[in-house]
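J.: Sending over a structure as structure tokens; questions will come in a sec.
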Amino acid sequence: MLDSFVKDDADGFDIKGFIVELEKTSKTELDFTSEAVNLERFWDNNSGCDYVESPKCYREYTNEAILTEDFVTGHEVGDTEYVSTLDADERERIAALAADNYASQFLVDGFYHVDPHSGNVLVKELASAAGSKHASETAVETPADEQQLLAHSIEWIDFGMTGLLDAQQRQILVDLVSSVVMQDAYSLKRAVLKAAHPKGEIDHGAMLEMCENMCGLYTGADLGDFDLGDLLGSIVGGLQEESYEIEPFLTNLARGIVAMEGTIKALSPNINILNYFIDKVDVGGGIDFDFSSLDSDDLAQLNGPIALELLKFFDSVSRSTEKTVETLYMLEKSQITAHTDLGLEHRTLKSITQLLEYAICVVLIAAIIVGSCLLCTVPLDAAGTTPFLIAFPILGSIGFVVGVFFAYRLRGDMNKK
């Protein structure tokens, strides 16, 4: 929180802004009626989700100073001693459950937990959870491998800080992430202009270059190498460096996702929340990023970098016309300038100059030869002309030889070049 108030000027810290924000946050955190509303909304959103729980709020016993809710049992994800007792497969399943639910919160529900650190996500043993909405399910006879999958649920707590995303903001988020993954600077530029605003006049050329640099941070990366939190963080950081005013929803969500990724990694390093993000959205162009249906053998054979490059290729083909139109529009509006190859222009000019020089030489040589031929026919007396070489006028003969000599030299020079 303090980082957002650090400034580059002599004072170094915006103390007034910090106090205002601290007062606002404190009022929200200490007003339990606000948290009660959050509890009820989260409960309603997740009431149909298997193995995802949250405390139920009792509004008749709740006011600004008192919050009455279910007593929760379970172990924090940050309880490393307990988590280490679970086998790797169970930890990975719990991590996948948490990642999938969190992606649903901000993409499907538009209402998400802003502070999902490892202390706010509990691992709950269903067999010991009397009255759990899943208790009856544990009694169902299932194969041994499925019995393990039904061993635990997760429970979310502490709803003092939550976030809201409307449909437009969710679409902006999808556009931002898919543009970076697909290395599409044009789409990223359009999405950025919806999520951030420059303090002065927009320099579209500079913005496009900035978006290309953002995409360049992930050039050559495999799908599994993308961390959603880091990706959003790089976008937010790049915009802050360029002095853009960023919509609060983006910074809050980026902070929440970074915290959630830490929680997930505490359970299993094999789970990437980006996969569950992509599973819930259509990035357009008929492109499907979802590899969740592949079994372990398929995943072992899948070449991530090649798969991603193919996706980029098909996306670039489908969007090529759109990009061309946008570029022409920006050129027409003088929003960008065309950078020409000055070396090519210089070489072209040099070639044209050389051709002109050759043309002038040809004309001069032709004039010398024609003039010499005319001199050769000058009459020696009034009786007529003398067409024989021995009788040629000396000046015409010399001119003819010089013309032929220069014509031969010019031909040789042209053949060399």
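Only the coordinates and a few stated rules stand behind these numbers; no lab work does. A quick note: this is a predicted structure, and the numbers were derived from the prediction, not measured. Quick reminder, even Gly has a Cβ in these numbers, built from the backbone with ideal geometry, and neighbours come from all protein chains shown.
J.: Taking 0.36 nm per residue of separation and subtracting the Cα-Cα distance, what length does fully extending N415 through T68 add? Before the final figure, lay out the partial values.
T.: Details: separation 347, 0.36 × 347 = 124.92 nm, distance 9.62 nm.
115.3 nm is the gain from fully extending N415 to T68.
J.: May I pose another question? Which ³J(HN,Hα) values in Hz, rounded to whole numbers, follow from the phi angles of the range 163-176 under the Karplus curve 6.51 cos²θ - 1.76 cosθ + 1.60, where θ = phi - 60° and Gly and Pro get x?
T.: x, 10, 10, 7, 4, 5, 5, 5, 5, 4, 4, 4, 5, 4
J.: Skipping prolines and chain starts, which residues have an amide H placed within reach, meaning under 5 Å, of the one on E53, given they are 5 or more residues away or on another chain?
T.: Amide H neighbours of E53: I154, E155, W156.
J.: How far is it, in nm, from the label point at C49 to the one at V108 when both lie 7 Å from their Cα along the line to the Cβ?
T.: It works out to 0.8 nm between the two label points.
J.: At a 10 angstrom cut-off on C-beta neighbours, averaged per residue, how do the peptides 263-276, 60-73 rank from highest to lowest?
T.: Details: 263-276: 20.5, 60-73: 12.9.
Going from most to least packed, we get 263-276, 60-73.
J.: Can you compute the FRET efficiency between H197 and E125 using 1/(1 + (r/R0)^6), with r the Cβ-Cβ distance and R0 = 56 Å? Round to the nearest 0.05. Intermediate results must be reported in sequence, preceding the final value.
T.: On the way: r = 49 Å, r/R0 = 0.87.
With a Förster radius of 56 Å, E is 0.70.
J.: A follow-up question, please. For a protection proxy built on the mean count of beta-carbon atoms within 10 angstrom, sort 351-361, 238-248 highest first, please. Numbers along the way, then the final one.
T.: On the way: 351-361: 11.5, 238-248: 14.3.
The peptides rank, most packed first, as 238-248, 351-361.
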